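> After the structure tokens below, expect a handful of questions from me.
The values are calculated or read from the model by the stated rules, or taken from the named source; none is laboratory data. Note that the structure is a prediction, hence the values are computed from the model and not measured. Cβ atoms come from the backbone with ideal geometry, glycine included; neighbour counts cover every protein chain shown. Please note that ligands, DNA and RNA were not included when accessible areas were found on the heavy atoms of the full protein model with its side chains. Shrake-Rupley method; radii C 1.70, N 1.55, O 1.52, S 1.80 Å.
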Amino acid sequence: AQSVTQLDSQVPVFEEAPVELRCNYSSSVSVYLFWYVQYPNQGLQLLLKYLSGSTLVKGINGFEAEFNKSQTSFHLRKPSVHISDTAEYFCAVSEGQAGTALIFGKGTTLSVSS
Amino acid sequence: DVKVTQSSRYLVKRTGEKVFLECVQDMDHENMFWYRQDPGLGLRLIYFSYDVKMKEKGDIPEGYSVSREKKERFSLILESASTNQTSMYLCASKSAGPYEQYFGPGTRLTVT
């Protein structure tokens, strides 16, 4: 069965520092990978997705992620964070061609301070 | 822009009440989902629907039922609300195939 592990539940960083939020998944078949962001009291918004092709994926708000099949990872990075990036981030995986339901990680809270 | 709306942002109900949470999407998506979100547990799938009148159980269907009579509308029903169903409920929709899900703003339900 699929599973998604977000290795850090909380990541505190200072403004303008780089950040990496780690995500590992387990699956024996081809996967589709997503990162979502949730600001306080809001729904989830798609940051970026990997469906096929280039393993380096660029998303909104300056975020990017790299799909590493051998390490079954899909880590999210940003070279310089802002206070406004403070939010909860979820990694999700969908399996196979049908790609219906998503399996979510438990989330990583990114706290950016000045 | 895809829009997924949920009938209430905040809801307070009493134990034993029947509760309806409504979700509407405007993009003709085939698939619709209900999740609940709890601190430290992430999002857990309650039910999903891949077509009108079709439904599949997710990971935590106990105590819930769903209804999809029209393509754009997916309802979550708590037959007899209990305090352990206090949570944030998120609805989502997507097209058939490996595409992203679009989420509504969520309903924060408190059962007292």
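> Subtract the Cα-Cα distance of residue B:22 and residue B:62 from 0.36 nm times their separation in residues, and report this length gain in nm to one decimal. Can you show the working numbers first?
On the way: separation 40, 0.36 × 40 = 14.40 nm, distance 1.85 nm.
Additional length available on full extension: 12.5 nm.
> How much accessible surface area, in Å² rounded to 10, belongs to the heavy atoms of residue A:9 with a 1.4 Å probe?
Number for this one is 80 Å².
> Which listed residue (B:27, B:61, B:96) has the Cα farthest towards the positive end of the charge dipole for region B:2-112, taking +1 on Lys and Arg C-beta and -1 on Asp and Glu C-beta about the Cα centre?
Value: B:61.
> Lys pairs in chain B, Cα-Cα under 26 Å, at least 8 apart or on separate chains: how many?
24
> Distance in nm between label sites at residue B:99 and residue A:54, each 7 Å beyond Cα in the beta-carbon direction?
2.3
> Counting pairs on different chains as well as pairs 8 or more places apart, how many Lys pairs in chain A have Cα atoms under 17 Å apart?
Lysine pairs satisfying the spacing and distance rule in chain A number 4.
> Calculated FRET efficiency, residue B:77 and residue A:29, Cβ-Cβ r, R0 30 Å, to nearest 0.05?
0.35
> Taking loop as defined by DSSP and a crowding limit of 16 other beta carbons within 10 Å, which GluC sites (Glu not before Pro) in region A:6-81 fit? Mind showing how you got there, number by number?
Numbers: sites: A:15, A:16, A:20, A:64, A:66; in loops: A:15, A:16.
Within region A:6-81, the qualifying GluC sites (Glu not before Pro) (loop, at most 16 other Cβ atoms within 10 Å) are A:15, A:16.
> In addition: What is the interface area between chains A and B, defined as buried accessible area summed over both chains with a 1.4 Å probe, reported in Å² to the nearest 100?
Numbers: alone 6260 and 6240 Å², together 10810 Å².
By this definition, chains A and B bury close to 1700 Å².
> Which trypsin sites (Lys or Arg not before Pro) in region A:6-114 pass both tests, a DSSP loop state and at most 13 other beta-carbon atoms within 10 Å?
Details: sites: A:22, A:49, A:58, A:69, A:77, A:106; in loops: A:22, A:69, A:106.
When the trypsin sites (Lys or Arg not before Pro) of region A:6-114 are filtered for loop state and at most 13 Cβ neighbours within 10 Å, A:69 remain.
> Sticking with this structure for a sec: Could I have the simple spin-label model distance between residue B:14 and residue A:17, label points 7 Å from Cα toward Cβ, reported in nm to one decimal?
So the label points at residue B:14 and residue A:17 sit 5.1 nm apart.
> Quick check on the protein assembly as shown: what are the equivalent-ellipsoid semi-axes from the Cα gyration tensor, as sqrt(5λ), descending, whole Å? Present the calculation step by step, with values, prior to reporting the outcome.
Working: eigenvalues 173, 87, 46 Å².
That gives 29, 21, 15 Å for the three semi-axes.
> If each of residue A:8 and residue A:68 carries a label point 7 Å out from its Cα toward its Cβ, how far apart are those two points in nm?
Modelled inter-label distance: 1.5 nm.
> Once the whole set of protein chains is in place, how much accessible area is left on residue B:69, using a 1.4 Å probe, in Å² to the nearest 10?
Approximately 110 Å² of residue B:69 is accessible to the 1.4 Å probe.
> Would you mind giving the three semi-axes, in whole Å and largest first, of the ellipsoid equivalent to region A:1-85 according to its Cα gyration tensor? All intermediate terms of the calculation are to be shown ahead of the outcome.
Values: eigenvalues 101, 39, 34 Å².
Each semi-axis is the square root of five times an eigenvalue, giving 22, 14, 13 Å.
> For residue A:53, what is the net charge nearby, where nearby means another residue's Cβ is under 15 Å from its Cβ and Lys, Arg count +1, Asp, Glu -1? Intermediate values should be presented prior to the final figure.
Details: positive: A:49, A:58, A:69; negative: A:64, A:66.
Result for the neighbourhood of residue A:53: +1.
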